[in-house]
Each structure stands twice: as structure tokens, then as C-alpha cells.
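Colleague: The structure's right below; bear with me while I get my questions together.
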Amino acid sequence: MSENSVYNAHSSQDCLLSLYIIIPAYNEFINISHIIEEWYPVVEKHDADASSRLVVIDDGSKDNTLSILENLSRTHKLLKPITKSNGGHGSAVLTGYRYAIEHGADYIFQTDSDGQFESFWELRNDYDAVIGNRPVRGDGAQRKFVEKVLCFLLRIIFGVNVPDANAPFRLMKSSLVAKYISKLPKDFNLPNAMLTTYFAYFNEHIIFRDITFRPRQGGVNSINFRKIIRIGIKALKDFIQLRKNLCEA
């Protein structure tokens, strides 16, 4: 087979890849239209025979986020709004991941931010997962501190050393997510952090790529110090149990 034939074969295979972009949303009526207009062209560009999707999980919003999504889906055929009762960011992300796996996605891309997708997509053939690393964060010192504590706990409990465990900006092979998602409790609050941990613990072929992280403007910030403490205590208990499960497996 000639070099040109090999290139054409790879190009043809790439054209058949399906991409599911997963975005959780809670009370996002202020900027949900902008989010769709930003990401819809990306899923269109990487669509394979109308099999790719922009999946937005409405996590029980109390405003009109869902109705806006439903209206947009009438003119944006690759947009798939999903609604569920409020369960938090992690529960919404897991709902999106499971939906993508069940519907045959080849790649899953989860985002809470904007831009930078193409630099991740370019690495898809070299790694099973490309995970964002936020050396500089635009969402406050409090969240940066929480992430550092999270990475410290994962290093102590699981023995993995990762620069950013919970970054909501990651491209993953669907098969890789499917391999580990069943290890998580149904509504686990920190699925990205544990998926990153599993990938590192089992030496999957992953890479961390620096990103600039600009949080959304608008929406609802449901995190406060008391909630952080509550989530942290539960996460610690969950991590210990999940580590125990690994030892027993």
C-alpha cells in the first residue's frame, strides 16, 4: 500500500469517528445560548454521518435553561438536551458519560469552559486521554486550594501523582471511560477526579496539557466553604472505600 493510500485510509477512518461533547448545566439561562453557539460548530465539524452529539445535561435547573435548550434543539439537530433531578456536577457528568457510551461514541469530550479543543483533538491518535491542567486558574484561590488538597489526598491514598485531577476539560476514548466508570458509585460527586486516578493508577496512556481556564460568566456558583468541607469529608470516605475495592479486586 502506498504512503498516500495509508494517509487516505487514516483520513477515512477519522471521518467515521463520533464525538460526544458533554456539558453539565445548572441555572445557565444567562449564557446557555452562547455556550451552544460556541460548541455546536465544533461537534458539526467533527460529525460522522450525523452520529456525533452535543449533549447538555440540565441538572434540575430552576430557571428556563431546559426550555432554551429544547428550543435550540429544534434547529440544532446534533444538540441533545437531557434533564435530570438535581444531583450536582458529578452526577450530571456521569449521566452524560453513560449516555455517550450507550449511544456508541468513539470519543467523549467534557467541558465546563471554552476553546482549546483542537489542540486536544490533534493528540487523539497518540493518547487514550488528554486531560487539562490548569496552572493558572481564573475561578478563585479557594478552588485552587481545594484542587491541591484533592491531588494530595489522591497521592497519599492511591499513590498517583497528577497535576490536576478534576479538570473539567478532557478528551477521552469512550472505551477507556467505559472500562472504569462501573467502578464508581452511581452518583459519585467527583467522577473526573477518580477517572484520572484510575487512568494513572493502571498506567493508561494519557497526557496532561496546560490550558487557560476561564470560568463561565453568569450561571449559579453553588460552591461555598461549608459545602466544600462537606464534599471533602464525603470524598475522603469514598476514596478510602474505592482504594479498598482496588485491593480486594
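Colleague: Within region 77-102, how many residues are open to solvent by 10 Å² or more (accessible area, probe 1.4 Å), part of a helix (DSSP H, G or I) and under 20 Å from Ser52 (Cβ atoms)?
Modeller: Total satisfying the criteria: 5.
Colleague: Given the criterion in contact with a helix residue (DSSP H, G or I) (Cβ under 7 Å, 6 or more places away or on another chain) and more than 21 Å from Ile231 (Cα to Cα), identify the matching residue among Leu171, Leu150.
Modeller: Selected residue: Leu171, the only one of Leu171, Leu150 that is in contact with a helix residue (DSSP H, G or I) (Cβ under 7 Å, 6 or more places away or on another chain) and more than 21 Å from Ile231 (Cα to Cα).
Colleague: For region 64-76, enumerate the residues that are crowded, with 23+ Cβ neighbours inside 10 Å, of a type in the set (A, V, I, L, M, F, W, C) and within 23 Å of Asp187 (Cα to Cα).
Modeller: Hits for region 64-76: nothing passes.
Conditions (1) more than 25 Å from Ser113 (Cβ to Cβ); (2) outside any helix (DSSP H, G or I); (3) within 19 Å of the chain's Cα centre (by Cα); (4) modelled with pLDDT under 95, marked per residue:
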{"position": "Ile156", "(1), (2), (3), (4)": "yes, no, no, no"}
{"position": "Leu176", "(1), (2), (3), (4)": "no, no, yes, no"}
{"position": "Phe208", "(1), (2), (3), (4)": "no, yes, yes, no"}
{"position": "Cys247", "(1), (2), (3), (4)": "yes, no, no, yes"}
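Colleague: Inside region 146-174, can you point out the residues that are over 17 Å from Phe120 (Cβ atoms) and polar (S, T, N, Q)?
Modeller: Asn161
Colleague: Next question. With the requirement that a residue be aromatic (Phe, Trp, Tyr) and in contact with a Phe, Trp or Tyr (Cβ under 7 Å, 6 or more places away or on another chain), what does region 133-168 give you?
Modeller: If the condition is that a residue be aromatic (Phe, Trp, Tyr) and in contact with a Phe, Trp or Tyr (Cβ under 7 Å, 6 or more places away or on another chain), then Phe158 is the only one that fits.
Colleague: Against the conditions (1) open to solvent by less than 60 Å² (accessible area, probe 1.4 Å); (2) assigned to a loop (DSSP other than H, G, I, E, B); (3) free of Cβ contacts under 8 Å to residues at least 40 places away in the same chain, where does Asn161 fall short? Just the number, please.
Modeller: The one condition Asn161 does not meet is (1).
Colleague: Mind checking whether some residue in region 62-74 is in a loop (DSSP other than H, G, I, E, B), out of contact with any Asp or Glu (no Cβ under 7 Å at 6 or more places or on another chain) and not charged (D, E, K, R)?
Modeller: Checking region 62-74: at least one residue is in a loop (DSSP other than H, G, I, E, B), out of contact with any Asp or Glu (no Cβ under 7 Å at 6 or more places or on another chain) and not charged (D, E, K, R).
Colleague: Which residue is nearest to Leu79 (Cα to Cα), if the candidates are limited to region 103-135 and must be at pLDDT below 95, assigned to a loop (DSSP other than H, G, I, E, B) and open to solvent by 50 Å² or more (accessible area, probe 1.4 Å)?
Modeller: Gln116
Colleague: Would you mention how many residues in region 21-77 are basic (Lys, Arg) and without any contact (Cβ under 8 Å) to a residue 24 or more places away in the chain?
Modeller: Count: 2.
The values are calculated or read from the model by the stated rules, or taken from the named source; none is laboratory data. Just so we're clear, the structure is a prediction, and the values are computed from it rather than from any experiment. Cβ: placed from backbone, ideal geometry, glycine included. Neighbour counts: every protein chain shown. Surface accessibility is based on the protein's heavy atoms, side chains included, excluding ligands, DNA and RNA. Shrake-Rupley method; radii C 1.70, N 1.55, O 1.52, S 1.80 Å.
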